[in-house]
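Read-outs throughout are calculated quantities, based only on the coordinates presented, and are distinct from any laboratory measurement. In this text, all values refer to a predicted model and were calculated from it rather than measured experimentally. Cβ placement follows ideal geometry from the backbone for every residue including glycine, while neighbour counts extend to all protein chains displayed.
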Amino acid sequence: MSAAVLEPGLAALAVSAVASLLAGLVDAIVGGGGLVLLPALFATFPQAPPATLFGTNKSASVWGTSFAAAQYLKRVSLPWDQVLPAVACAGVGALAGAWMVTLVDGSALRKVLPLILGAVLVYTVLRKDLGTAHAPRHEARQARRIAALIGLLVGWYDGFFGPGTGSFFIFALVRLLGWDFLHASAGAKLMNVATNLAALALFAAKGHVVWALGLTMAVANVAGSLIGARLALRHGAGFVRGVFIAVVSLLIVRTAWDAWLR
């Protein structure tokens, strides 16, 4: 049944591809690509099971995130002793969150999420120097533990709920580790690859991925990701900070509408 309702004509395929390209562009800079792609999929395929749309979205976005990560790593040097444990913990956290969402109701988190995002936005705007300079503030062992905890907690959130995961990764790396927005975006991409793969494995195992549509969107998502990563690398941490503020603002509007007004 899932495949039947996700057999797009040319118009639906074009809408999905354009939305996926734009999502890849935004996601490559600061995360939040789901803000673009998921509403487009729900509008284009209103009869499709939500799980199938989520799974098919992951089958496209994981490719864009991976290509964006590769672009960042050509230009940004990361502390691998901190990043790799965080990536592993992000994958474990995402699996735990995906499992937990099958057991408990996440509606309370939906209602409080706009407030959390609002606090992140206010803090970022008031701290004008936040993330503009790369100044790690912890010694290696402590930084490794903090990075692993970030991966575990935000990874769990991605598996359990999801909106704004990339932005939460970036904010946590900037605020807790003292990274600038460019390094934080590079690290967030790697952790996001892990959470996307974990979620995709779960959706695929349950038959909630339409691979033909996902492949088409993946090509567009990769193209958008390459554009977004190059823009971020060309214009630096200040540009990424500005896009971060814009995307978090839109996430607040979207999540508040879903939680309180719909």
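Structure summary
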| item | result |
| --- | --- |
| Test item: Cα-centred dipole of the chain, Lys/Arg +1 and Asp/Glu -1 on Cβ, debye | 500 debye |
| For the stretch 62-175: rounded, prolate or oblate by the Cα gyration tensor [a/c cutoff 1.5] | oblate |
| Where trypsin sites (Lys or Arg not before Pro) fall in DSSP loop in the stretch 163-210, at most 13 other Cβ within 10 Å | Lys206 |
| Alpha-carbon centroids, the stretch 22-95 and the stretch 190-262: separation in whole Å | 4 Å |
| Cα gyration tensor shape for the stretch 131-178, rounded if a/c is under 1.5, else prolate or oblate | oblate |
| Within a Gaussian network of the chain (alpha carbon springs, distance under 10 Å), most fluctuating of Trp63, Trp179, Trp211 | Trp211 |
| Inter-label distance for Ala96 and Ala246, nm, one decimal - labels placed 7 Å from Cα along Cα-to-Cβ | 3.6 nm |
| Lysine pairs with alpha-carbon atoms under 25 Å apart, the stretch 2-261, spacing 8 or more or separate chains | 6 |
| Most mobile listed residue (Gly162, Gly31, Gly207) in the chain, GNM with C-alpha springs under 10 Å | Gly207 |
| Charge context of Thr255, other residues only, Cβ under 15 angstrom, K/R +1, D/E -1 | +2 |
| 14 Å beta-carbon shell around Leu78, net charge (K/R +1, D/E -1) | +2 |
| Candidates Val104, Val243, Val36: whichever shows maximal mean-square fluctuation once the chain is modelled as a Gaussian network with Cα springs under 10 Å | Val104 |
| Extension gain, Lys74 back to Val104 (0.36 nm per residue minus Cα-Cα distance, nm) | 6.7 nm |
| Net +/- balance of residues flanking Phe168 in space, Cβ distance below 12 Å, scoring K and R +1, D and E -1 | 0 |
